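These notes are about the structure you will find just below.
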Ligand code: BEZ
Ligand code: FE
């Protein structure tokens, strides 16, 4: 028997026997990853001691999860989201220098071809919901404004649906827009106050959440992708801190620094300038981008 061969498979040496077989792997990273996964998986099975029936139920769950995946629906990403793995991978890959804005999950509803709009535009095309003015600055970690930064924003409407979930009900590109900062790094646009909504919960992930006594809701938020030359791209959200689900986001995307202040403003003059009903909402939030490679 060669050194890497651990003999016949037993309950005790199971992981070593399996990983030993990978000694000729052509890809060192794959070999290392499979070593860890095999070890942890065998450890879990040994601790759980599943019955054959339970093991088959797990296989069926994964089979049904895969069968639900299409170009429009990715049930495995959703599974990764509700297990906190998406946020963990995001955290590992987006360690920021101090002072830089933090990242969070991208989610499935971004569209790459949203229109570029003039600063101040109203991204709510159907005028349904409570008017909201959103503004702030895009800065570097020294507090200097970043010119020519691109802010890509998308959000759900005040019933908790994205335009892509309500084709024919909401106008295309409703509540989406791309804005570019001037020399002062400032951005401002008009929208409506978003609402909490459930992640798609009519599949295996929804059933799992239900069985675990968990709800499928995400607290109200706006999504952003911020890009500027020489800076690391930032994928993030801002959240309504008063949302009922702020402490129990189904996908663990909330971070303290991403809580914005949603202020109710009673100012007929400003409302008139923005073509809003009075009172309206005002959200001021600065974003700080880390230098590329920092
Ligand atoms: C979202 O915020 O758009 C989202 C994120 C993760 C899963 C589902 C939706
Ligand atoms: Fe979202």
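Key figures for this structure:
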| quantity | calculated |
| --- | --- |
| Filter pass, residue 283 being in contact with a helix residue (DSSP H, G or I) (Cβ under 7 Å, 6 or more places away or on another chain) and either in the same structural domain as residue 106 (by TED's automatic domain parsing) or at pLDDT 95 or above (or both) | no |
| Condition met for residue 11 (in a loop (DSSP other than H, G, I, E, B) and more than 30 Å from residue 207 (Cα to Cα)) | yes |
| Filter result for residue 163 (out of contact with any strand residue (DSSP E or B) (no Cβ under 6 Å at 6 or more places or on another chain) and in the same structural domain as residue 264 (by TED's automatic domain parsing)) | no |
| Breaking point among (1) in contact with a helix residue (DSSP H, G or I) (Cβ under 7 Å, 6 or more places away or on another chain); (2) away from ligand 2 (no atom under 16 Å from the Cβ), for residue 103 | (2) |
| Yes/no for residue 142 being within 16 Å of ligand 2 (Cβ to nearest atom), out of contact with any strand residue (DSSP E or B) (no Cβ under 7 Å at 6 or more places or on another chain), assigned by TED's automatic domain parsing to the domain that holds residue 233 and part of a loop (DSSP other than H, G, I, E, B) | no |
| Those strands (runs of 3 or more DSSP E) lying entirely in the stretch 185-278 with at least 3 residues surrounded by 20 or more Cβ atoms within 10 Å (Cβ to Cβ) and away from ligand 1 (no atom under 15 Å from the Cβ) | 186-192 |
| Residues being under 21 Å from residue 160 (Cα atoms) and over 22 Å from the mean Cα position of the chain (by Cα) - total across the stretch 108-131 | 8 |
| Condition met for residue 239 (on the phi < 0 side of the Ramachandran plot and within 14 Å of ligand 2 (Cβ to nearest atom)) | yes |
| The stretch 148-184, residues that are surrounded by 20 or more Cβ atoms within 10 Å (Cβ to Cβ), within 14 Å of ligand 1 (Cβ to nearest atom) and part of a loop (DSSP other than H, G, I, E, B) | 156, 157, 162, 175 |
| Given (1) more than 16 Å from ligand 1 (Cβ to nearest atom); (2) surrounded by 14 or more Cβ atoms within 10 Å (Cβ to Cβ); (3) outside any loop (DSSP other than H, G, I, E, B); (4) touching a residue at least 60 places away in the same chain (Cβ under 8 Å), number of the condition residue 34 does not satisfy | (4) |
| Filter result for residue 86 (surrounded by 12 or more Cβ atoms within 10 Å (Cβ to Cβ), under 23 Å from residue 153 (Cα atoms) and away from ligand 2 (no atom under 16 Å from the Cβ)) | no |
| Breaking point among (1) within 30 Å of residue 108 (Cα to Cα); (2) part of a helix (DSSP H, G or I), for residue 71 | (2) |
| Answer from 206, 213 - the residue that is touching a helix residue (DSSP H, G or I) at 6+ places or on another chain (Cβ under 9 Å), under 20 Å from residue 81 (Cα atoms) and free of Cβ contacts under 8 Å to residues at least 60 places away in the same chain | 206 |
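The values are calculated or read from the model by the stated rules, or taken from the named source; none is laboratory data. Because the structure is a prediction, the values reported are computed rather than measured. Heads up, the Cβs are rebuilt from the backbone with ideal geometry, glycines too, and the neighbour counts pull from every protein chain shown.
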